[in-house]
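A short worksheet on the structure shown next.
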Amino acid sequence: MLSLHVFCRAVCRQIGISRGSLCQAAAAVFTPDLTRLHSPSHNISTSCIVNAHIDQGVFYAKGLKPTRSNEPGRGTSIFSAGSSKRRDAMTKNKEPPLTKQDNRKHLSLPTEPIGSNGWRKLKEESTFKGIYEDRVSEQMIKMGTDLNIAKSFLSFVAEENGDISYPLLVKYMLLCVQQNQIDELCDVYDIMKMKFRSFDSGASSVIIRGLAKTDRWRESLEILETMKKAGPVSARNYADCITAAIENHEGALAWALYDEMIEKNLLVPQTTIQSLFDAPQDLQDDDYRKRLISILSYFRQNQIYPGEVLMKSIKSWFESIPSESWRGKLTEVTNSGHCQACKQQIESINLTPEEYSVLKKAVITSIIQGEDTFRKTTPNELQAFLEFVNSRPPYDLVVDGLNVAYNSKTYLCSKALLYVVSSLAKRVKRILVLGRKHMLVHSKKWKKQDIERLQRYADCFFLDNISLDDPFLLYACINSGSHCCFMTRDLLRDHKACLPDTETQRLFFKWQRAHQLVIDSYSPGSPRLQPVLSYDTILQSTDTSYHIPYDRTDVARTSFEVPKTWLCLKKEE
């Protein structure tokens, strides 16, 4: 429940009345009616699987067609890997992206080692005399400057200042690591140990990364332990030590460090996981193999997709298991949810009744009743909307009117929205269109006769012009039941981020992919929809198979997209 003082403060900003009278109004009007968010008339049956998948025969029938997959750049879901990049590439007359202007003048570096006089002359010619050493070392790291040039620069600094500073030595060590000059790093590290009593986390990370590649790798473990006493340790530090342990045939130590990472909720880098799968065969006993299988469970639980390089290591590992005949194929999954390689049905995207219940409660609590509710609306408007929705039968579809209307580049806003909703109404019984009050004012974009016709096909609720409609859309949809879908191109990432934990965020994304309809192209009477998949893009297994979605190296996938490519692993008899 929203605290009273937050409620009062927010509404004072909206309508400018006194706090005393507002608190009385809040207690008398707003609080009791929030109990209707859980109206009995909208209870969801849990006798079977909820979140029923969109009926292709309903939404993709007369007047509302799916996009054909052979249309260039079309026929893919807004959630498919690479869709965002393709949309950007297809956008015409797109303004060039704004780039951050770097007002700093260019700093020139020599192309070969030079003496102190040469460096002194470059310094005198530069505009960075007070920070010259810092700028040069940063530029060297950025450009991967030859180590001999860097050494000549350190000699100049030592001659100028009588010493080389700690930050400059750390940057030099990083340059050594970048160029895999590990012997040089070890020499510098030994000098620094005599000169400095301790190291900060940045220097320690560089040293661990370098020592882990040498026969002095156990020293990196000692540094790791020292860092743990001082504070949090990064996943990269653990990863370097795990890889070193595997390369030195210390499997038990590698898994102990891995378990520490999981316990601390650190994301294990894929290069580290690859080193575990690529470990020498003499390490891979039955217990080791069980631990590798547990990594696949970790992928599933956290919805992690291996990259193409790691996927190939996983494939090779399965195919090399002694006394088992695994064969892997790279494939895709049909829109109906069948693996093209083995024809097996992929796991449904449907939520279980328990999952739906958890999601519904989280959406209402975090998005509708959240502390920032009245930054999006006013108490009176929210109250009116709740009464409007709860007094009507559940909806089959909720439409973000402005979003749908403004995505047409061909038709007037009111005409585009009318075309879409009238097409939907041919196959969908109960439709709610969310709009804004300015849509009711006759204008060039919004024709009064179109809005009047729209109201014959659907219920309409018009919000204040400054209100945000996404929370209303989500409430109307999820409170109507598992059959209800919603139409918008908005990806709802801000609202997903409001949910309390990663599990409910995962459930939201799963529900969203199964229920969000997106218009792909407009034409009167026959708008086309992007396909909505019936299966979940998540690692899954049986006793004789694994299906692992993976990221292709050449496809840029954003955080709100899922891969289209899969590794199919089958155990042959």
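Values for this structure:
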read-out: ³J(HN,Hα) computed for each position of the stretch 320-333 - Karplus, 6.51 cos²θ - 1.76 cosθ + 1.60, integer Hz, glycine/proline x; value: 9, 5, x, 6, 10, 10, 9, 10, x, 9, 8, 8, 9, 10
read-out: Heavy atoms of Leu221 accessible to a 1.4 Å probe, total area in Å² rounded to 10; value: 30
read-out: Per-peptide average of other Cβ atoms within 10 Å, ordering 269-276, 327-334 highest first; value: 269-276, 327-334
read-out: Accessible area expressed per residue, the stretch 390-437, with surrounding protein chains retained (probe 1.4 Å, Å²); value: 39
read-out: C-alpha center-to-center spacing [the stretch 150-221, the stretch 471-548] in angstrom; value: 50
read-out: Heavy atoms of Asp469 accessible to a 1.4 Å probe, total area in Å² rounded to 10; value: 20
read-out: Other-chain or far-sequence residues with amide H under 5 Å of Ser523's (modelled H); value: Arg528
read-out: Lys213, Lys571, Lys444, Lys315, reordered so the largest accessible area comes first (probe 1.4 Å); value: Lys444, Lys213, Lys571, Lys315
read-out: Pairs from Lys437/Lys510; Lys151/Lys213; Lys142/Lys315 whose Cα-Cα separation, in the structure shown, is over 28 Å; value: Lys437/Lys510; Lys142/Lys315
read-out: Solvent-accessible area, 1.4 Å probe, carbon plus sulfur percent, for the stretch 460-573; value: 48
read-out: Extension gain from Val555 to Lys447, taking 0.36 nm per residue of separation minus the Cα-Cα distance; value: 34.6 nm
read-out: 1.4 Å probe accessible area per residue over the stretch 109-249, in Å²; value: 51
read-out: Under Karplus coefficients 6.51, -1.76 and 1.60, residue-wise ³J(HN,Hα) of the stretch 309-318 in Hz, glycine/proline x; value: 5, 5, 4, 5, 5, 5, 4, 5, 5, 4
read-out: Other-chain or far-sequence residues with amide H under 5 Å of Val399's (modelled H); value: Leu432, Val433, Leu434, Met487
read-out: Exposure ranking of Phe277, Phe462 by accessible area [1.4 Å probe, largest first]; value: Phe462, Phe277
read-out: Probe 1.4 Å - accessible area at Met143, Å² to nearest ten; value: 120
read-out: Residue pairs, from the table Lys329/Lys570; Lys329/Lys571; Lys171/Lys195; Lys290/Lys343; Lys343/Lys571; Lys228/Lys264, whose Cα atoms sit over 18 Å apart; value: Lys290/Lys343
read-out: Per residue accessible area in Å² of the stretch 485-544, where ligands, DNA and RNA are left out and the probe is 1.4 Å; value: 33
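The values are calculated or read from the model by the stated rules, or taken from the named source; none is laboratory data. Predicted, not measured: the structure shown is a model, and the values here were computed from it. Every residue, glycine among them, receives a Cβ derived from its backbone with ideal geometry; neighbour counts consider all protein chains shown. The area values use the complete protein model at the heavy-atom level, side chains included, leaving out ligands, DNA and RNA. Shrake-Rupley method; radii C 1.70, N 1.55, O 1.52, S 1.80 Å.
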